[in-house]
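These notes concern the structure reproduced below.
The values are calculated or read from the model by the stated rules, or taken from the named source; none is laboratory data. All figures in this text were calculated on a predicted structure; none of them were measured in a lab. When we count neighbours, we look across all protein chains shown, and the Cβ atoms used for this are built from the backbone with ideal geometry, even at glycine.
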Amino acid sequence: MFHAPQGNQRAPLPSAREAPQAREEPQAPEARTGTRAEARTVDRPARTGETGEKGAGRDPWFDNAKYLAIVLVAVAHAWEPVMEGSRATRSLYMLVYTFHMPAFILISGYFSRSFTAKPHQMKRLVTGIAVPYLVFEIAYTLFRRWAGDPAQVFSLTDPFYLTWFLIALFVWRLSAPLWRTLRHPLPVALVIAALASLTPDISDDLDLQRILQFLPFFVLGLILKPEHFRLVRRRAVRLAALPLAAGALVFAYWVAPRVRMGWFYRATSAPELGYAWWTGPLMTLGLFACALLLTVAFLAWVPGRRTWFSVLGAGTICGYLLHGFLVKSLDYFEVVPAHPWLKEPAGLVGVTLAAAAAVTLMCTPPVRRVLRCVTEPKMEWAFRKEPGELTKG
């Protein structure tokens, strides 16, 4: 979901697929705000995980957050080919890139709290993450060849464009049991991310640089509890989020011409960006703080009730994986050079609305049903039956 300068471009996504089965956390007195329905839904995450089924236990707040986040992802990607020369668009792009992937990763970590590598969890890890990664890695490679680059090679270990998030989520999910055994997991994850940011030439295999630099957000999600999300949804936080977002936008406009976007992609180290090694840890901590504040501001204004787009939150994996074909088409077929008016204000608005509408359609239930054979394959033939299943049979 992120943009890379040249070659195999990678970008973000889909959310976690395993819902926590932990018992309800006791509600702290200071967190007893909002409606009773809000408290119940945050305490009871989706029982069906992220499979796209509308179970009785799904929390519309999380579904709303995922849908709104994927819209921001698609819109930001659509801005990439048209934002050159527009400081305002670059500022918005920078602001969105500061928090949209951290928000996704944090939610993914939260829904990975119950992962203990049990057989049924490993099966879902393969069918829900590994299989879509392989299928869309091939699909994007073939699309690039068809669009005019027959030399484009398929690589199992070098994720192409959007698929980097799938392989990252696979690795993070496998590491979840380890992080839960540590006394101070978040500081350890931040140290690892800081070390990665000052280490050039980390192998491109599995996009390891991004896996390490985004790791703290996943670990933070693992250690969050329901009451933390209740605090985010308090009225005071909503009101504070408004001046915070406004101030962040003004700062982004000021700093836009002065900072390289490579910092936000987390795909390269400080030396590779042309900075001194010590700037890597500083930027890691600074961007982590900024991303966390903006994520809180974003989540604070996510509707807690069921809305018309709540059902679309279960299909974000489809919207994420499919919208890349449209975005890459703008580049492969040189749409923007042929229509320079797209860089004008009216064109930018049109691109924004078109991207939001397209990814919305891609998240709808009919699209999910069509892609279920890829994003949620059963693959019973590939796995041994668990002892309980054998007894039932």
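What helices (runs of 4 or more DSSP H) completely inside the range 183-264 contain at least 3 residues that are at pLDDT 95 or above and farther than 28 Å from Val302 by Cβ?
Once the helices (runs of 4 or more DSSP H) in the range 183-264 are filtered for at least 3 residues that are at pLDDT 95 or above and farther than 28 Å from Val302 by Cβ, what remains is 185-197.
Say whether the condition of being of a type outside the set (Asp, Glu), in a helix (DSSP H, G or I) and crowded, with 16+ Cβ neighbours inside 10 Å is met by at least one residue in the range 150-158.
no
Out of the helices (runs of 4 or more DSSP H) lying entirely within the range 285-393, which hold 3 or more residues that are surrounded by fewer than 19 Cβ atoms within 10 Å (Cβ to Cβ) and modelled with pLDDT of 95 or more?
Qualifying helices (runs of 4 or more DSSP H): 345-362, 365-375.
Which one of these is surrounded by fewer than 24 Cβ atoms within 10 Å (Cβ to Cβ) and more than 30 Å from Phe251 (Cα to Cα): Val96, Val131?
Val131
Just to verify a result, which residue in the range 267-284, among those that are among the hydroxyl-bearing types (Ser, Thr, Tyr) and outside any helix (DSSP H, G or I), is surrounded by the fewest Cβ atoms within 10 Å (Cβ to Cβ)?
Among those residues, the one meeting the criterion is Tyr275.
The rows are residues; the columns are (1) modelled with pLDDT under 95; (2) in contact with a helix residue (DSSP H, G or I) (Cβ under 8 Å, 6 or more places away or on another chain).
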| site | (1), (2) |
| --- | --- |
| Ala4 | yes, yes |
| Glu38 | yes, yes |
| Gly55 | yes, no |
| Ala65 | no, yes |
| Leu72 | no, yes |
| Ala88 | yes, yes |
| Phe99 | no, yes |
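Those residues that are surrounded by fewer than 23 Cβ atoms within 10 Å (Cβ to Cβ) and not in a loop (DSSP other than H, G, I, E, B), I need them from the range 107-128; list them, please.
Selection gives Pro119, His120, Gln121, Met122, Lys123, Arg124, Leu125, Val126, Thr127.
Identify, from the list Asp158, Asp207, the residue that is among the charged types (D, E, K, R) and either free of Cβ contacts under 8 Å to residues at least 40 places away in the same chain or touching a Leu at 6+ places or on another chain (Cβ under 9 Å) (or both).
Result of the check over Asp158, Asp207: Asp158.
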